[in-house]
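Q: Below are the structure tokens for one structure; questions will follow.
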Amino acid sequence: MRAVVQRVSSARVDTDGWSAAIDKGLLVLVGVERGDGPDDVEYIARKIRETRLFDDPGQPDKSFELSVLDIGGQVLVVSQFTLAADCRKGRRPAFDAAAPPEFARPLYESVVLALKHAGLDVATGKFQAMMQVSLVNDGPVTLLLDSRRQF
């Protein structure tokens, strides 16, 4: 499972008359790969909620002291199968590593539930929909996560 985690001042997702938005927190794009399971969900959810990406106003000389959980931030989670793309050959990405929707949806939803169960305010995109995502990246701060630790 892969995720792109962005520290944001705000983020929004829109699709077909439906939208979701957050203020200060994290925009997380999640891509589920073939072979992913509960351990991958736990790894990604733990990294999202515990990684220290926010500054502590009480310690202005230090950066990256607090997690999204520590600051009471929000999380917008958007499914993105294209994170499983292989672009090493040719000019067209190959998506063979992406999990099929019937397998990916429950794992994506498990990530969302794990974050909610941790006490986070979580908004989501619409699974398998074409969406417009907008954000104000704060920093910018962007991290790549891979539950298989390939990078």
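The values are calculated or read from the model by the stated rules, or taken from the named source; none is laboratory data. This is a predicted model, so every value here is computed, not measured. Ideal geometry is used to build each Cβ from the backbone, glycine not excepted, and the neighbour counts take in all protein chains shown. Each accessible area value is taken on the protein alone, full model and side chains, heavy atoms only, with ligands, DNA and RNA left out. Shrake-Rupley method; radii C 1.70, N 1.55, O 1.52, S 1.80 Å.
Q: Express the relative contact order of region 80-151 as a whole percentage, based on alpha carbon pairs under 8 Å and six or more residues apart in sequence.
A: Worked out over region 80-151, it gives 16 percent.
Q: Now for a separate question. Rounded to the nearest 0.05, what FRET efficiency do R105 and I71 give with R0 = 25 Å and r taken as the Cβ-Cβ distance? Could you check? Please report the intermediate quantities before stating the final value.
A: On the way: r = 30 Å, r/R0 = 1.18.
FRET efficiency, R105 to I71: 0.25.
Q: Could you work out how far the C-alpha centroid of region 71-103 sits from that of region 31-64, in angstrom?
A: For region 71-103 versus region 31-64, the Cα centre distance is 18 Å.
Q: So how strong a dipole does the chain carry about its Cα centre when Lys and Arg Cβ are +1 and Asp and Glu Cβ are -1, to the nearest 20 debye?
A: On the way: 19 positive and 21 negative charges, 107 e Å.
In debye, rounded to 20, the chain gives about 520.
Q: Taking only C-alpha pairs under 8 Å that are 6+ residues apart, what is the relative contact order of region 11-130 in percent?
A: With pairs under 8 Å counted, the relative contact order is 34 percent.
Q: Hey, what did region 1-69 get for relative contact order, percent, Cα under 8 Å, at least 6 apart?
A: 28 percent.
Q: Given (i) 15.1; (ii) 17.8; (iii) 15.8 as candidate values of Kirkwood radius over Cα pairs in Å, which corresponds to the one derived from the coordinates?
A: Read-out from the structure maps to (iii).
Q: Using a 1.4 Å probe, what is the accessible area per residue for region 28-97, in Å²? Don't skip to the end; give the middle numbers.
A: Details: 4110 Å² over 70 residues.
Value for region 28-97: 59 Å² per residue.
Q: Among the lysines, select those whose C-alpha is under 26 Å from the C-alpha of K24, and discard any that sit fewer than 8 residues away in the same chain.
A: Straight-line reach from K24, under 26 Å: K47, K62, K116, K126.
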